[in-house]
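Here's the structure we're looking at; comments come further down.
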Amino acid sequence: CDEDYSIFADKLRCCIKAAEIKKLKKAKGRISIETKSLLEKRRNMKRSSDNNLEYSILCKLIRRKLKDDFENFRKEKLLKTAESRKSLRTCKWELTQYRLSVTALKNKDGETVTNRAGMEEVCKDFYTKLFKSRINVPFPTLKESEERVPPIIVSEVRSALHQMKKGKAPGKEGLTSEMIYAGGEKLWKALALRFSRYLEEGKIPSSWKESNTILLHKKGDRENLKNYRPICLLSHIYKLFTKVITNRLSQSLDEQQP
């Protein structure tokens, strides 16, 4: 199951990479040439008691220039998106990717951690404690049925794909629902065969249990994890599989209604 799916996902990524069109025109950066020259000037300036005032004034000027550059970049990108009648929602999501990354976090003891591995451990401890259930829920007794679950067919995959939201960030696999849709009938058939096998065996790929988590700062201290909203990015193929099952359950429940 895991080995087959790993090879399958790798082949999909290779196909996507081969189909990519390289952008010939380099996108305009967020920081203006003027601001870059100021940053270079500050980089070359050695701060001392003699130039402390000049250094402080330069830092304030850079902060103001950066703020103006970021705002102008945002307005220009939104305007171009609106003029070309593209998705503003996608544009806004892309703009969020320009946000500054988390550079430091406080652990449970209040100590500031700055290295990547340490911050990942802080996040793991914090959210494990936050979402861990403290209520003992007994596992339900399931009745075995002699009725065989019918295999998943291509039309079910196609229908579920149409229902999935577009413009969503990919999971660890780097695949989106738009990419899966672009794969066409051959890809949908390959997915239907694998979904049927997973359903029959009652086992899914281990990679579906993994995800990428991004942190969106709300307000307050940037080093305090309580001031962040976590967003879990799951595999889109896993989402498609669950959508197919949900559709089946919904249909079955509707048929049982009086």
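What follows is calculated from the coordinates using simple rules that are stated; it is not laboratory data. Just so we're clear, the structure is a prediction, and the values are computed from it rather than from any experiment. Every residue, glycine as well, gets a Cβ built from its backbone with ideal geometry; the counts of neighbours run over all protein chains shown.
General remarks:
- Helix 2-19 vs. the chain, principal-axis angle (Cα, 0 to 90°, nearest 10): 50 degrees
- Among the GluC sites (Glu not before Pro) within the stretch 125-186, those in coil by DSSP and having at most 16 neighbouring Cβ atoms inside 10 Å are Glu144, Glu146, Glu147.
- Taking each DSSP H run with n ≥ 4 as -39500 (n - 2.57) and averaging over every residue of the chain yields -18000 deg cm²/dmol at 222 nm.
- Taking Cβ atoms as reference points and 9 Å as the exclusive limit, the residues near Thr35 contribute a net charge of -1, counting Lys and Arg as +1 and Asp and Glu as -1.
- The Cα atoms of the stretch 134-258 give a gyration tensor whose axes a ≥ b ≥ c have a/c of 1.5 or more with a/b no greater than b/c, which makes the shape oblate.
- Close amide H partners of Asn212, meaning residues 5 or more places away or on another chain with modelled amide H under 5 Å apart, are Lys172, Leu233.
- Listed residues Asn51, Asn212, Asn247, most fluctuating in the chain (Gaussian network, C-alpha, under 10 Å): Asn51
- Cα-based reach from Lys75 at 21 Å (exclusive), listing lysines while leaving out same-chain residues under 8 positions away: Lys25, Lys26, Lys28, Lys36, Lys65, Lys67, Lys86, Lys92
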